[in-house]
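Enquirer: One structure follows; several queries about it will come next.
The values are calculated or read from the model by the stated rules, or taken from the named source; none is laboratory data. If you're wondering where the values come from, they're calculated on a predicted model, not measured in any experiment. All Cβ positions, glycine included, derive from the backbone under ideal geometry; neighbour counts span all protein chains shown.
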Amino acid sequence: MASVSSPLESGPTVFLSGQKGLRIPFFILLLRKSIRLFLTMLLIPTVVFFVLRIIPGDPALVVAGFDAPPEVVENLRSKLGTNRPPLEQYEEWILSVAQLEFGTSLISNEPVLKLILDRFPLTLSLAVAGMLCALLIAIPLGVMSAVRRWTLWDYGGMVFSQIGISLPSFWLGIILLLLFAVKYPLFPLFGGDSPWHLVLPSVALGINRGAVLLRLVRTAMIEELGKEYIITARSKGLPELVVRYRHALRNALLPVLTIAGIQFGYMLGGAIILEQVFSLPGLGRLILSAVFQRDFPVIQGGTLFVAAVFSLVNFLVDLLYSLVNPRIRVG
Amino acid sequence: MGTEVLLEIKDLSVEFTAHQRKIPAVRGIDLTILPGQFHALVGESGAGKTVTSLSILRLLPSNVTSLRGSIKFNDHDLLQLSEEVMRNLRGREISMIFQEPAKYLNPSLKAGVQVMEAIRYHMGYSEKAARERVCELFEKVGLSDPELAFDRYPHEFSVGMKQRVMIAMAISCNPSLLIADEPTTSLDVGVQRQIIHLLLDLQRSSKMAILYITHDLGIVRYAADVISIMYAGKIIESAPKDLLFTSPLHPYTRLLLASIPSREKRGTRLQGIPGTVPNPEDIPPGCAFHPRCPLAQQKCKENVPPLVRIEAGHRCACFFPGKEIRSNP
């Protein structure tokens, strides 16, 4: 069983040592990052377009059925625009994307954008709740592991994080569902119309990501607790809790929040999977059922939307990071 | 009562363990500081000065495996106090400034906030009152525009300014003892002088005692009341400043003094001390200085000279105090 992990998990330590660099005025930084975001935004619909064209099979034929009359298929082709030269289609796609015009669903005939925007809040709140859960697990446990390193507490934390990293969140979701919705019905089994519905899926998401972040918090805290300013804080007679949480954690959180921000994108991906497990009517369900029904405009629009949100989130994290840590304003 | 004692260190020994070897950093020192006194502790790096000062605050790193002796502060033995009582003394009664202010300030907290902490914890000031107090302190340590300085982050100050922030932090609760661990070593010469003068002013105006740790005898020449010289984890000579400069007794002190450039010595070749400071892992038996000492005899190799009182206030640990050193060219 392949675990849902990202290549980022193996090398986050790069972010741990504070880079020193020339201080760049904030607006120049904003400009740079905006240009990068703009280029990404241009690239995403291009990739989405060509990926969907590379997939074998004529969409019109799939939608209409293989035994449909040729004129129906031809009709569908012209509706989808797949009978025209690819470059012409591409041009039209980019232009319509620029106008936030994603077409209408082949199945329900509703505008794709409306379908997406109806479903997105649920996916977003699931990802946010999952991230909160992850931080709530990672920060206290990570601080504790760092403070009592090489004790039973620390080993406990390591075991927890090893297990948490290895367990795929969809499997965890199923177990949680069986335990706390079926065996002990504390939480609802289906649907997504109250915050209660989000508890189990966000815990399932949070444990997995929290296990990754826990190690990061531990490493960063150990590094910070060894720094000289901690001696200063202690020499002022501050209680140990203040030294840890106010002085050390504040600095340790910088790399942690960066990774958390990057992982937020993956959180969206995880949320999409967990929507299946928990039957939540979110964006993931929309895209998946569109795939099953070969609803191409919805697949296209949905994929584009998720990718765009992902890069937008990373853009915002980048900006926030340089605001929080004014020393690291480097390109 | 002029004879009150503020801090009395007796037979303090500190041992580290690294790579399964015991490293004696401090080997039984006695040190007395009177209220309001400027006491300079001078020695080369590795002599155990910083370890001594961190023992006073009980902030030694965790690889210290043995800490013996007593440190009496206003008649309480600091080494026997509970952690909580000790914490109440830190910052309020005894505070400390360090060699590299850039590293010893928290990079992500505003300067004012860092100075404010001790005031709020120890003196229970409200946020607003503490802010006012910080601005007063900033003005006292010579930071122009205290309001602006309050909201700045450490990296926005020059090194000298950072050290001023550290000093403001250290004196914020009117401590009776300030430990200054090489506070000027990382500064430019001009700034060094300013910081020393600032410390002197503060010492005089608030009757605060200062334990000033340095490797540079020249720097404390005008400021110190009493100077103690440390070598390889021991104090080898201690005397009021004038006495130490006019009639140094220990050969190490005399060689140190000879190595300070001065106007009188213009035109002559400056003397260095042959050899190097012994590695704390491998301290010579007997008098630790004997391998470098021009006066060393067989006795020095076998016996440790005790620190004995030679005359009022002047103590020296040498079998031949004051014996003439023949310079061999």
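Enquirer: Could you check, for segment B:46-58, whether at least one of its residues is touching a Pro at 6+ places or on another chain (Cβ under 8 Å), buried (at least 20 other Cβ atoms within 10 Å of the Cβ) and more than 14 Å from chain A (Cβ to nearest Cβ)?
Expert: Yes, segment B:46-58 contains at least one residue that is touching a Pro at 6+ places or on another chain (Cβ under 8 Å), buried (at least 20 other Cβ atoms within 10 Å of the Cβ) and more than 14 Å from chain A (Cβ to nearest Cβ).
Enquirer: Do we find a residue being in a helix (DSSP H, G or I), of a type in the set (D, E) and within 14 Å of chain A (Cβ to nearest Cβ) anywhere in segment B:133-151?
Expert: Step one: of segment B:133-151, the residues in a helix (DSSP H, G or I) are B:133-140, B:146-150.
So of that shortlist, the ones also of a type in the set (D, E) come out as B:136, B:139, B:147.
Imposing the further condition that a residue be within 14 Å of chain A (Cβ to nearest Cβ) reduces the set to none.
Looking for residues that are in a helix (DSSP H, G or I), of a type in the set (D, E) and within 14 Å of chain A (Cβ to nearest Cβ), one finds none in segment B:133-151, hence no.
Enquirer: Something else about it: Which one is nearest to the other protein chains (Cβ to nearest Cβ) among residues in segment B:89-102 that are part of a loop (DSSP other than H, G, I, E, B) and closer than 19 Å to B:L202 by Cβ? Talk me through it step by step, then tell me what you get.
Expert: Narrowing segment B:89-102 to residues part of a loop (DSSP other than H, G, I, E, B): B:91-93, B:98-100.
Still in the running and closer than 19 Å to B:L202 by Cβ: B:91-93, B:98-99.
Details: B:G91: 4, B:R92: 6, B:E93: 9, B:F98: 7, B:Q99: 9 Å.
Looking at the filtered set, the residue picked out is B:G91.
Enquirer: Taking the residues in segment B:1-30 that are hydrophobic (A, V, I, L, M, F, W, C), over 16 Å from B:I94 (Cα atoms) and in contact (Cβ under 8 Å) with a residue 24 or more places away in the chain as candidates, determine which candidate is surrounded by the most Cβ atoms within 10 Å (Cβ to Cβ). Reasoning before the result, please.
Expert: From segment B:1-30, those hydrophobic (A, V, I, L, M, F, W, C) are B:1, B:5-7, B:9, B:12, B:14, B:16, B:18, B:23, B:25-26, B:29; that's our starting set.
Retained after the next criterion (residues that are over 16 Å from B:I94 (Cα atoms)): B:1, B:12, B:14, B:16, B:18, B:23, B:25-26, B:29.
The next check asks that each one be in contact (Cβ under 8 Å) with a residue 24 or more places away in the chain; those that pass are B:12, B:14, B:16, B:18, B:23, B:25-26, B:29.
On the way: B:L12: 23, B:V14: 24, B:F16: 19, B:A18: 11, B:I23: 19, B:A25: 22, B:V26: 27, B:I29: 24.
Within segment B:1-30, the match that is surrounded by the most Cβ atoms within 10 Å (Cβ to Cβ) is B:V26.
Enquirer: Quick one: is A:I222 surrounded by 19 or more Cβ atoms within 10 Å (Cβ to Cβ), over 18 Å from the mean Cα position of the chain (by Cα) and within 14 Å of another protein chain (Cβ to nearest Cβ)? Write out each step before concluding.
Expert: Values: surrounded by 19 or more Cβ atoms within 10 Å (Cβ to Cβ): no; over 18 Å from the mean Cα position of the chain (by Cα): yes; within 14 Å of another protein chain (Cβ to nearest Cβ): yes.
So A:I222 fails the test.
Enquirer: Another one. Determine whether segment B:103-126 contains at least one residue that is closer than 29 Å to B:D11 by Cα and either outside any loop (DSSP other than H, G, I, E, B) or within 12 Å of chain A (Cβ to nearest Cβ) (or both).
Expert: To start, the set of residues in segment B:103-126 that are closer than 29 Å to B:D11 by Cα comprises none.
No, every residue in segment B:103-126 fails to be closer than 29 Å to B:D11 by Cα and either outside any loop (DSSP other than H, G, I, E, B) or within 12 Å of chain A (Cβ to nearest Cβ) (or both).
Enquirer: Something else now. Could you list, in sequence order, the residues of segment B:128-170 that are among the hydrophobic types (A, V, I, L, M, F, W, C) and surrounded by 23 or more Cβ atoms within 10 Å (Cβ to Cβ)?
Expert: Start the filter on segment B:128-170 by keeping residues that are among the hydrophobic types (A, V, I, L, M, F, W, C), which leaves B:129-130, B:134-135, B:137-138, B:141, B:143, B:148-150, B:157, B:159, B:161, B:165-170.
Result: B:V134, B:L137, B:F138, B:V141, B:A149, B:V165, B:M166, B:I167, B:A168, B:M169, B:A170.
Enquirer: Looking only at segment B:297-329, count every residue that is at pLDDT 90 or above and among the small types (G, A, S) and tell me the total.
Expert: Qualifying residue count for the region: 1.
Enquirer: Then there is this: Which of the residues that make up segment A:166-196 are farther than 15 Å from A:G130 by Cβ and either hydroxyl-bearing (S, T, Y) or touching an Asp or Glu at 6+ places or on another chain (Cβ under 8 Å) (or both)?
Expert: A:S166, A:Y184, A:S194 - these are the residues of segment A:166-196 that are farther than 15 Å from A:G130 by Cβ and either hydroxyl-bearing (S, T, Y) or touching an Asp or Glu at 6+ places or on another chain (Cβ under 8 Å) (or both).
Enquirer: Sticking with this structure for a sec: Considering only segment B:236-279, state which residues are touching a residue at least 40 places away in the same chain (Cβ under 8 Å) and aromatic (F, W, Y).
Expert: Scanning segment B:236-279 gives a single hit, B:Y252.
Enquirer: Shifting gears a bit: Just the residues that are more than 7 Å from chain A (Cβ to nearest Cβ), surrounded by 15 or more Cβ atoms within 10 Å (Cβ to Cβ) and either part of a helix (DSSP H, G or I) or touching a helix residue (DSSP H, G or I) at 6+ places or on another chain (Cβ under 6 Å) (or both), please, taken from segment B:79-88. Before you say what the answer is, go through the steps one by one.
Expert: Of the residues in segment B:79-88, the ones more than 7 Å from chain A (Cβ to nearest Cβ) are B:79-86.
This time we only want the ones that are surrounded by 15 or more Cβ atoms within 10 Å (Cβ to Cβ), so: B:79, B:81, B:86.
Correct list: B:L79, B:M86.
Enquirer: Run A:V313 past the list (1) over 29 Å from A:V62 (Cβ atoms); (2) crowded, with 22+ Cβ neighbours inside 10 Å and report the number of the one that doesn't hold.
Expert: Going through (1) over 29 Å from A:V62 (Cβ atoms); (2) crowded, with 22+ Cβ neighbours inside 10 Å one by one, A:V313 breaks only (2).
Enquirer: Against the condition in contact (Cβ under 8 Å) with a residue 12 or more places away in the chain and either part of a loop (DSSP other than H, G, I, E, B) or more than 16 Å from A:Y229 (Cβ to Cβ) (or both), how does B:I167 come out, does it pass?
Expert: Details: in contact (Cβ under 8 Å) with a residue 12 or more places away in the chain: yes; either part of a loop (DSSP other than H, G, I, E, B) or more than 16 Å from A:Y229 (Cβ to Cβ) (or both): no.
For B:I167, the condition - in contact (Cβ under 8 Å) with a residue 12 or more places away in the chain and either part of a loop (DSSP other than H, G, I, E, B) or more than 16 Å from A:Y229 (Cβ to Cβ) (or both) - is not met.
Yes/no matrix, rows are residues, columns are (1) of a type in the set (V, I, T); (2) under 20 Å from the mean Cα position of the chain (by Cα):
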| residue | (1), (2) |
| --- | --- |
| B:T17 | yes, no |
| B:G48 | no, yes |
| B:R68 | no, yes |
| B:M116 | no, no |
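Enquirer: Hey, among the residues in segment A:231-252 that are more than 8 Å from chain B (Cβ to nearest Cβ) and in contact with an Asp or Glu (Cβ under 7 Å, 6 or more places away or on another chain), which one's farthest from B:V115 (Cα to Cα)?
Expert: The extreme case among them is A:A252.
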